[in-house]
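Below: one structure, written as structure tokens.
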Amino acid sequence: MQANLKSFALKLTSDKDAAHDLVQDTTLKALNNEDKFVDNANLKGWMLTIMRNIFINNYRKSVRENTVVDSSKDLFHLNLSQDSGIETPDGAYAVNEISAILSKFPKDFREPFSLHVAGYKYEEIAEKLSMPLGTVKSRIFFTRKKLREILKDYQ
């Protein structure tokens with residue numbers, strides 16, 4: 001039975017150590033619940049079902065633990081940039097250089113893009129600048145595209 005469990009665990013986890021842990025968890029759970037196993041039932045099926053359920057529960061638990069719940073007004077924390085790059089001198093230099101390039105763009109393109117980078121949603125930008133939503137999206141897209149062209153050789 002252990003060979004079947006190891007094979008199935010490796011399919012589920014794609015990691016040798018995680019598969020080994022899953023086999024151990026499954027074996028322990030099966031032994032703790034052996035009184036629930038019905039004679040003349042499919043033991044292999046029962047064990048694989050236990051393993052699959054443990055794997056699913058562990059996956060759901062890890063997803064829950066990695067979920068950020070932002071209870072601040074206007075979802076302030078979710079709109080913050082997670083890694084601005086400004087913490088390093090090189091990052092600050094890059095931000096200053098990009099800002100200088102962006103300042104040369106026409107105001108109609110620079111403003112929506114700056115608000116978008118600041119964390120505003122498209123709808124909020126459209127309302128704030130009194131522009132149609134499609135115009136806001138296209139201006140942000142074209143500004144981003146132009147910045148990529150200008151900075152393509154930038155390392």
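Quick notes on this one:
- Residue, surrounded by the most Cβ atoms within 10 Å (Cβ to Cβ), within segment 25-39, restricted to residues that are more than 33 Å from the chain's Cα centre (by Cα) and assigned to a helix (DSSP H, G or I): A30
- Residue in segment 69-79 that is among the polar types (S, T, N, Q) and either modelled with pLDDT of 85 or more or outside any loop (DSSP other than H, G, I, E, B) (or both) present: yes
- Yes/no for I125 being modelled with pLDDT of 90 or more, surrounded by 11 or more Cβ atoms within 10 Å (Cβ to Cβ) and part of a helix (DSSP H, G or I): yes
- Selection within segment 136-151 - in a helix (DSSP H, G or I), surrounded by fewer than 17 Cβ atoms within 10 Å (Cβ to Cβ) and in contact (Cβ under 8 Å) with a residue 12 or more places away in the chain: K137, F142, R144, K146, L147, I150
- Residues satisfying the stated conditions in segment 1-24, i.e. part of a helix (DSSP H, G or I) and either touching a strand residue (DSSP E or B) at 6+ places or on another chain (Cβ under 7 Å) or surrounded by fewer than 16 Cβ atoms within 10 Å (Cβ to Cβ) (or both): Q2, A3, N4, K6, S7, K11, K16, D17, A18, H20, D21, Q24
- Residues of segment 6-24 satisfying the condition of being under 27 Å from the mean Cα position of the chain (by Cα) and among the small types (G, A, S): A9, S14, A18, A19
- Contact map, segment 25-40: residues that are farther than 13 Å from I54 by Cβ paired with residues that are at pLDDT 85 or above and not charged (D, E, K, R), Cβ distance under 8 Å, separation 6+ or inter-chain. Pairs shown: F37/A30; F37/L43; F37/W46.
The values are calculated or read from the model by the stated rules, or taken from the named source; none is laboratory data. All figures in this text were calculated on a predicted structure; none of them were measured in a lab. Using ideal geometry, Cβ is built from the backbone for each residue, glycine included, and neighbour counts are taken over all protein chains shown.
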